[in-house]
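Presented below is the structure to which this report refers.
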Amino acid sequence: MIVNMGKTNKALLLILVFFINQTVICMQDTCDKGEQKSKRYLLYDVNPGEGFNLRRDVYIRIANLVRKLNDADNWVLILPPWGNLYHWQRVQRGVYVPWKNFFDIESLSKWIPVAEFSDYLKDEGPRVGSVYVLQHYAEGWEGKWEEKYDKRKCIDKHNFEYRGGDDGSWVGQVWGTKIQTENFTCLSIQGQASTLVPLVTQDLKRRSVFIVRAETILHDEYGGKWYWNARRSMRFAHHLREEAASFRRKYLNSEDVQDKTVVKEDWRDTQPKRGVAVGGPYIAAHLRRRDFIHARGDEVPSLKKAAQQIKELLKKENLTTVFIATDASLEEFQELESFLPGYKVVRYEPSPDFFHKWGDGGVAVVDQIISSHARYFTGSYESTFSFRIQEEREILGFQERTTFNRLCGKKKSCEQPAKWRITY
């Protein structure tokens, strides 16, 4: 059957099809006031001298900045590759490691949209709309704290160089890639991450913004609900969790069901219950050596004094096994072990295959996972490595007394770490 629709009906049909298509587009993406939001990208970097665990803290600050930006827009956070960090002695210079080597990207994405830098290059190429190098005010606080930022002359050296030309572009070496931008600014800032919201959103024509030296800004709500949601999303990669679980079963008689440390795959499906976790039948001690011996000499115990404190804890907890997470040399570890006769002293040593795949960073993560599952944990003074373990234990639901502890240095007794409790 042939139907003659007529010109008027055809026009109405075309209009109807147009609006249907627009509706489908809005359903597939996020729309605001009937218009499709275009995807925008926020890139960030941290002072090269900062270590793995401080960088994890900066991630939380920036992640919650993106969370706030996405109240009105559609931002994706680009994850900065991991380079040759101070504690990663065996990582070749110029090699950059993606986040998926250490973290569960799907879990991160349950809090905010994220993508690897390699994905950004595929989508946008080696360029960004604007680059802002953050710095403190040269004159300091001047006795008054207020949230503010100003475009200023650059104080420190940076990786960008003005190339001029018709587009007036700047070029900088970023994670092994030459990045080009038409808008480069050094920004003196004092404030929280959200202080940057007006700056980041001011130019809708620029699809991407790169924040350099992001550690300069502070948390919006340190220890609050948003902090802990971002922190809980930072699940370690499955292959690292499996490696730690295998080691615990084989050498520490530790397994999640009996230890009451089972967690659901989606962190949003459960709320941690404080005091429920029991942990494996061992204590864990994080013993920093290397640079801490010189930088914090009075707070770092000798190997003999560390062994004495560990022995006391083993007796107190009625246990005979201790897991040591440390940057000490093999000789120092063996010396520590000699001070603990009659006790089982365990240290994680990766297989050559594991180390080849995941490197120093993977080994450090496995150390943290094993430590976080112990029945009792004690750490090192002002160590972000120890602090991240305490956070993991809070998420798992351990008792306060088994988590917030540290080894004392030269003094007989010492102040124990602050107790940052999880907020639901």
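Just 81, 341, 272 to compare: in a GNM of the chain, with alpha carbon springs under 10 Å, which one fluctuates most?
Most flexible of the set in this elastic network: 341.
Rounding to the nearest 10 and keeping the result within 0 to 90°, find how far the Cα-based axis of helix 6-28 lies from the longest principal axis of the chain.
For 6-28 against the chain, the angle is about 20 degrees.
Each residue of the stretch 194-205 in order: what ³J(HN,Hα) in whole Hz does its phi give by Karplus 6.51 cos²θ - 1.76 cosθ + 1.60, θ = phi - 60°, with x for Gly and Pro?
Those phi angles translate into 5, 4, 7, 3, x, 5, 5, 9, 5, 10, 6, 6 Hz.
Hey, what's the chain come to in accessible area per residue, 1.4 Å probe, Å²?
Working: 21900 Å² over 424 residues.
Per residue, the chain has an accessible area of 52 Å².
Would you look at the GNM of the chain, springs on alpha carbons closer than 10 Å, and say which of 219, 136, 373 moves the most?
136
Angle between the Cα long axis of helix 303-316 and the longest principal axis of the chain, 0 to 90 degrees, nearest 10?
Tilt of helix 303-316: around 90 degrees.
Assuming a ≥ b ≥ c are the square roots of the Cα gyration tensor eigenvalues, decide whether the stretch 360-424 counts as rounded (a/c under 1.5), prolate (otherwise, with a/b larger than b/c) or oblate. All intermediate terms of the calculation are to be shown ahead of the outcome.
Values: a/c = 1.89, a/b = 1.19, b/c = 1.58.
It is oblate, given that a/c is not under 1.5 and a/b is not larger than b/c.
What pairs in 304/412; 39/205; 250/304; 250/273; 311/344 have C-alpha atoms more than 22 Å from each other? Don't skip to the end; give the middle numbers.
Values: 304/412 13 Å; 39/205 12 Å; 250/304 28 Å; 250/273 28 Å; 311/344 11 Å.
Over 22 Å Cα-Cα: 250/304; 250/273.
To the nearest 20 debye, what is the magnitude of the charge dipole of the chain about its Cα centre, counting +1 on the Cβ of each Lys and Arg and -1 on the Cβ of each Asp and Glu? Write down the numbers at each step before the final one.
Numbers: 64 positive and 56 negative charges, 139 e Å.
About 660 debye.
Kindly express, to the nearest 10 degrees and within the range 0 to 90, the angle between helix 352-372's C-alpha long axis and the longest C-alpha principal axis of the chain.
Orientation of helix 352-372: about 70 degrees from the principal axis.
Mind checking the full-extension length gain between residue 330 and residue 420? Use 0.36 nm per residue of separation minus the Cα-Cα distance, one decimal, nm. Don't skip to the end; give the middle numbers.
Working: separation 90, 0.36 × 90 = 32.40 nm, distance 3.32 nm.
Working it through step by step, the gained length comes to 29.1 nm.
For the stretch 73-85, in order, what is each residue's ³J(HN,Hα) by Karplus, 6.51 cos²θ - 1.76 cosθ + 1.60 with θ = phi - 60°, in whole Hz (x at glycine and Pro)?
8, 10, 9, 10, 8, 8, 7, x, x, 8, x, 7, 6
What percentage of the solvent-accessible surface of the stretch 97-159, computed with a 1.4 Å probe over protein heavy atoms, is contributed by carbon and sulfur atoms?
Details: 1800 of 3750 Å².
C and S fraction of accessible area: 48 percent.
Are there trypsin sites (Lys or Arg not before Pro) in the stretch 240-286 that DSSP marks as loop and that have at most 15 other Cβ atoms within 10 Å, and which are they? Don't jump to the answer; show the numbers that get you there.
Numbers: sites: 241, 248, 249, 250, 260, 264, 268, 273, 274; in loops: 260, 264, 273, 274.
Qualifying residues, ordered by number: 260, 264, 273, 274.
Considering the dipole of the stretch 219-332 built from charges on the beta carbon (Lys and Arg +1, Asp and Glu -1) around the Cα centre, which of 277, 287, 251 is farthest to its positive end?
It is 277.
Once the dipole of the stretch 300-424 is set up with Lys and Arg at +1 and Asp and Glu at -1 on Cβ about the Cα centre, which of 378, 368, 348 lies farthest towards its positive end?
Of the options given, the answer is 378.
Calculate what fraction, in whole %, of the accessible area of the stretch 320-424 sits on carbon and sulfur atoms when a 1.4 Å probe is rolled over the protein chains. Don't skip to the end; give the middle numbers.
Values: 2420 of 4570 Å².
Within the stretch 320-424, the accessible surface is 53 percent carbon and sulfur.
So if each residue of separation counts as 0.36 nm, and I subtract the Cα-Cα distance between residue 110 and residue 96, what length gain in nm does that give? It would help to have the intermediate numbers written out before the result.
Working: separation 14, 0.36 × 14 = 5.04 nm, distance 2.48 nm.
Stretched fully, the residue 110-residue 96 segment lengthens by 2.6 nm.
Looking at the chain as a GNM with Cα springs under 10 Å, which of 374, 72, 277 has the largest mean-square fluctuation?
72
Could you work out [θ]222 nm for the chain from helices alone, using -39500 (n - 2.57) per DSSP H run of at least four and dividing by all its residues? Round to the nearest 500 deg cm²/dmol.
-10500 deg cm²/dmol
The values are calculated or read from the model by the stated rules, or taken from the named source; none is laboratory data. For clarity, every value in this text was computed on a predicted model and none was experimentally measured. Note that we place each Cβ from the backbone using ideal geometry, even for glycine, and neighbour counts take in every protein chain shown. Accessible surface is based on the protein model in full, side chains and every heavy atom, while ligands, DNA and RNA are left aside. Shrake-Rupley method; radii C 1.70, N 1.55, O 1.52, S 1.80 Å.
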